[in-house]
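Chemist: Take this structure first; my questions come after.
The values are calculated or read from the model by the stated rules, or taken from the named source; none is laboratory data. Predicted model, so just to flag it, every value in this text is computed and none were measured. Neighbour counts run over all protein chains shown; Cβ positions are idealised from the backbone, glycine included. For accessibility, only protein heavy atoms count, side chains too; no ligands or nucleic acids. Shrake-Rupley method; radii C 1.70, N 1.55, O 1.52, S 1.80 Å.
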Amino acid sequence: MWDQLHRFVFDGLSVRGVFVRLDASLARNLRSHPYPPPLQRLIAEATTAVGLLATTVKIKGRISLQFQSDGPVKLLLAESTDELGLRSVGQWQGDIPEGDFSALMAGGRMALSLLPEQGQQYQGVVPLDGETLADCLEHYFQQSEQLATRILLFNEGERSAGLMIQAMPGLQQHEDFHRIALLAETLKTEEAMNLPVETVLHRLYHEEQVRLFPSQAVRFHCRCSRERCRDSLLTLPVGDLQEMRAEEGETTIQCDFCGERYHFDDQALEQLIQEKQQQAH
Ligand SMILES: [Zn+2]
């Protein structure tokens, strides 16, 4: 029942839904940094949301949801692969007061990026418009995609749940969407966190024709590797690499998402410098 995503449609209506619940996949994401509780909640929300959003695109690759602000929370980043491999990270400065999304991310902006393995990347950037992270996403879909969307996010410690109701392109009967969305809003945290998905859908929609598709597993997935760290070191000027080697004799790169450490010793640095010098010729 945990770390599963469920898609469903309302037969005869141009409305679809997604319900997701995260446990181990979220806990692993939260483990990499000692997040203050208010930020931990936001990361849980962003991670849950990006899982829901991954179902709105048909690309082989990744979807990335990013929030940046000049408030106490500097960055909130969550990614999903097309196979629902999730990773997320947050950056903050100073003490994080108890507060909601709009206070912690004052004056911020949101970026939604599609990163296909092949072909053109796409990024939409909008100013944050809403009291909650879910509000901001709803506004984004309304304005950028013209798709009426309702998103509900629930969180208890290292577990979370999310429900998204979305109009499908070509929806004629807007009252259908509004009825379904209003019923979604009656879902309580306790129900979202604890009941089997069939029961959740029955409680909300026993008067509708709901068709539930087979569930999909959600997991933690980080794409970092020694190869990628090597590539990022190779983007440095050769002088920087030489300095690094002379001063430290080694370097370690730690992945911000998963905490994995990649060590490059003196010999590895020398190799990089040689490679860099060969490139220059
Ligand atoms: Zn990693």
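Chemist: Determine which single condition THR47 fails, assuming it passes every other condition in (1) part of a strand (DSSP E or B); (2) out of contact with any Pro (no Cβ under 9 Å at 6 or more places or on another chain); (3) surrounded by 21 or more Cβ atoms within 10 Å (Cβ to Cβ).
Modeler: Status for THR47: all satisfied but (1).
Results for (1) more than 14 Å from the ligand (Cβ to nearest atom); (2) in the same structural domain as SER32 (by TED's automatic domain parsing); (3) open to solvent by less than 60 Å² (accessible area, probe 1.4 Å), shown as yes or no for each residue.
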| site | (1), (2), (3) |
| --- | --- |
| LEU201 | yes, yes, yes |
| LEU204 | yes, yes, yes |
| LEU233 | yes, no, yes |
| GLY239 | yes, no, yes |
| GLU243 | yes, no, no |
| ALA246 | yes, no, no |
| CYS258 | no, no, yes |
| TYR262 | no, no, yes |
| GLN267 | yes, no, no |
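Chemist: Can you report the number of residues in segment 208-244 which are closer than 20 Å to ARG21 by Cβ and in a loop (DSSP other than H, G, I, E, B)?
Modeler: The qualifying residues number 5.
Chemist: I'd like to verify a number: residues in segment 225-235 that are touching a helix residue (DSSP H, G or I) at 6+ places or on another chain (Cβ under 9 Å) and without any contact (Cβ under 8 Å) to a residue 40 or more places away in the chain, how many?
Modeler: Count: 1.
Chemist: Taking the stated definitions as given, is ALA217 farther than 30 Å from GLN254 by Cβ, modelled with pLDDT of 95 or more and of a type in the set (A, V, I, L, M)? Break it down into steps so the answer makes sense when it comes.
Modeler: Details: farther than 30 Å from GLN254 by Cβ: no; modelled with pLDDT of 95 or more: yes; of a type in the set (A, V, I, L, M): yes.
So ALA217 fails the test.
Each row is one residue, and each column tells you yes or no for (1) among the small types (Gly, Ala, Ser); (2) without any contact (Cβ under 8 Å) to a residue 40 or more places away in the chain; (3) touching a strand residue (DSSP E or B) at 6+ places or on another chain (Cβ under 8 Å).
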site	(1), (2), (3)
VAL57	no, no, yes
PHE67	no, no, yes
SER80	yes, yes, yes
GLY90	yes, no, yes
GLY99	yes, no, no
SER113	yes, no, yes
